There are 2 protein chains.
Amino acid sequence: MPTTQTVPAQASGDNAVPPAPSRRELNKAATRQAITDAALHLLRSKGPGNFTVEDIAEAAAISRRTFFNYFSSTEAALAAVTHGFLDHALAQFRLRPAGEPILESARAALIQLADPMTVAPMAELYSLAQSNPQLNRSELEAWDHCTAEIIDAARERFARTPGAEFDELYLRALAGSLISCGKAAMDVWFARCGGSLTPESLSILRQLLIDAVGLLGSGFARPETPQASTTANNSTATPFADRL
Amino acid sequence: MPTTQTVPAQASGDNAVPPAPSRRELNKAATRQAITDAALHLLRSKGPGNFTVEDIAEAAAISRRTFFNYFSSTEAALAAVTHGFLDHALAQFRLRPAGEPILESARAALIQLADPMTVAPMAELYSLAQSNPQLNRSELEAWDHCTAEIIDAARERFARTPGAEFDELYLRALAGSLISCGKAAMDVWFARCGGSLTPESLSILRQLLIDAVGLLGSGFARPETPQASTTANNSTATPFADRL
DNA sequence: GTGCATATTTACACTCTGTGCAAGTTTGTG
DNA sequence: CACAAACTTGCACAGAGTGTAAATATGCAC
């Protein structure tokens, strides 16, 4: 698809210091993007399962074979969106100071996600995946992949924190539970707001994410009077905020 | 595959009261079993990805088309094993008294699983899935399906317990975290024991499952001295056993 | 710029998957 | 037995995914 044309390059006098992306890499990135864009458009217009790899290739102006050089399936192409979202979350996590409790780092990373630009593509895909088994499997895979990366990140952090011994079970159970709580929050958000991107809706998502991590931190203490949970967007006051 | 032959029936003078399985149902169950058996054998002998649906059909003495009447893919046929395992767990969960705390019910249900007959097929599949993306996706789907069923079971339980209000977020986050902890325990068990089915190995699995749920119940309190975790099979003495 | 090594795209051929359909076969029932 | 419903099977077909080799684009040295 990228025929020989002037490369978009980096705007103008930008910071071109780090890896200096070659034309090859730019082309590849552009093609990759063209594919996922085309796939997403087709998903929207024709609905899940009603278009083929050939359709995507045609829309992205590449050959069918080239599509398979980038992605192993339609679902994989679409899952790239989710991967992007989760990679973003992971990057946020890694930015947190090493001494911080993991649950607090996770909470901080998660609330960064409830922002329109980040959550929008994810939201759309997530809702479409609800009704499509094929798509849903890829989503699950993406979340699983993210879990594995959190485990790595957390293990690395433990390795760098002098005092802390670490337990593989602890690590894996915590990482998996965190992801599950993130998913639970998204699920409830969708059920409640239908993936709307209004400020109020995003505020609810943020609160749900915080609450979910809070539940985790409190060991899922039985909510005695849980009817006052997440209906209001009253900033950061969470139940179970004792230790996280 | 079940040609007209004397049905195995139910041994002899057994309890044939409940639904009186018809010949049709018996045949279907037998075919289904024949398929999963054949698939499992091929998986063992040829390795993942090195056999086709046609191979399975031939081994099960049915047509390719009939295979697809039972399962939508090779992976689905193999995932039936995992589904059986998880259904077993779920049945255990549903048997627990409604008043019991959910974490305690989960703990009780999970330790029932660490029994040779139950865990053996699962163990084999689980280890094979580690190295096979296709298979792993089906496994993820099976766990996800189980999560959904736990949510249903827990919701039902809440509905029947008069005093308890329930929170959708609480439910989903808890169910997801429970499954994640189960997976984490299995992961660690495999890493440590390689899926061995000796009594010691199973004892370790049991302890890992208990510990994982314990971690969940304690809100993943930072283990200050976690080096004495699950190396011994000292019955049910767990760290973090304060409230579960 | 020319030329060459390397990376990427593409066409083509091929196997395997998954599904609709219509004709056969088996099972349940009067 | 006869008939209906359920189940199996063969066939045909669209689409997925992969190996291969030829064509094209890019990077780099000169």
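The values are calculated or read from the model by the stated rules, or taken from the named source; none is laboratory data. Just so it is clear, the model here is predicted, and its values are computed rather than measured. Ideal geometry is used to build each Cβ from the backbone, glycine not excepted, and the neighbour counts take in all protein chains shown. Areas reflect the complete protein model, heavy atoms only, side chains present, ligands, DNA and RNA absent. Shrake-Rupley method; radii C 1.70, N 1.55, O 1.52, S 1.80 Å.
If you go through segment B:165-204 and pick out every residue that is under 16 Å from the mean Cα position of the chain (by Cα) and at positive phi, you end up with 1. The one condition from (1) open to solvent by 30 Å² or more (accessible area, probe 1.4 Å); (2) within 14 Å of chain A (Cβ to nearest Cβ); (3) away from DNA strand D (no atom under 13 Å from the Cβ) that B:L103 does not meet is (1).
Number of residues in segment A:164-203 that are under 30 Å from B:A221 (Cα atoms), surrounded by fewer than 19 Cβ atoms within 10 Å (Cβ to Cβ) and at the interface with another protein chain (Cβ under 9 Å from one of its Cβ atoms) equals 4.
When B:Q134, B:Q130 are screened for being in the same structural domain as B:R96 (by TED's automatic domain parsing), of a type in the set (S, T, N, Q) and more than 28 Å from A:D167 (Cβ to Cβ), only B:Q134 passes. Report whether or not A:R157 is within 21 Å of A:G217 (Cβ to Cβ) and open to solvent by 20 Å² or more (accessible area, probe 1.4 Å). So A:R157 fails the test. Would you mind finding the one in A:T66, A:T36, A:T52, A:T82 that is more than 13 Å from DNA strand C (Cβ to nearest atom), of a type outside the set (D, E, K, R) and either open to solvent by 30 Å² or more (accessible area, probe 1.4 Å) or within 14 Å of another protein chain (Cβ to nearest Cβ) (or both)? Selected residue: A:T82, the only one of A:T66, A:T36, A:T52, A:T82 that is more than 13 Å from DNA strand C (Cβ to nearest atom), of a type outside the set (D, E, K, R) and either open to solvent by 30 Å² or more (accessible area, probe 1.4 Å) or within 14 Å of another protein chain (Cβ to nearest Cβ) (or both). Of all residues in segment B:156-164, none are in the same structural domain as B:L216 (by TED's automatic domain parsing), closer than 19 Å to A:A175 by Cα and among the aromatic types (F, W, Y). If the condition is being within 18 Å of A:S72 (Cβ to Cβ), open to solvent by 20 Å² or more (accessible area, probe 1.4 Å) and free of Cβ contacts under 8 Å to residues at least 60 places away in the same chain, then segment A:39-49 contributes only A:L42. Does any residue of segment B:78-94 turn out to be at pLDDT 95 or above and over 24 Å from B:D144 (Cα atoms)? No, segment B:78-94 contains no residue that is at pLDDT 95 or above and over 24 Å from B:D144 (Cα atoms). If you go through segment A:40-73 and keep only what is under 20 Å from A:A129 (Cβ atoms), in a loop (DSSP other than H, G, I, E, B), within 11 Å of DNA strand D (Cβ to nearest atom) and not hydrophobic (A, V, I, L, M, F, W, C), you end up with A:G49, A:N50, A:T52, A:S72, A:S73.
Within segment A:122-144, the residues that satisfy the criterion of being surrounded by fewer than 17 Cβ atoms within 10 Å (Cβ to Cβ) and assigned to a helix (DSSP H, G or I) are A:E124, A:S127, A:Q130, A:P133, A:Q134. Just one of the listed residues (A:T147, A:T161, A:T118) is among the β-branched types (V, I, T) and over 14 Å from the mean Cα position of the chain (by Cα), namely A:T161. Among residues of segment B:13-33 that are closer than 19 Å to B:Y70 by Cα and of a type outside the set (S, T, N, Q), none has a Cβ under 9 angstrom from a residue that is modelled with pLDDT of 85 or more and surrounded by fewer than 11 Cβ atoms within 10 Å (Cβ to Cβ) at a sequence gap of 6+ or on a separate chain.
Among B:L26, B:L103, which is the only one that is touching a Gly at 6+ places or on another chain (Cβ under 9 Å) and part of a helix (DSSP H, G or I)? None of the others qualify; the one that does is B:L103.
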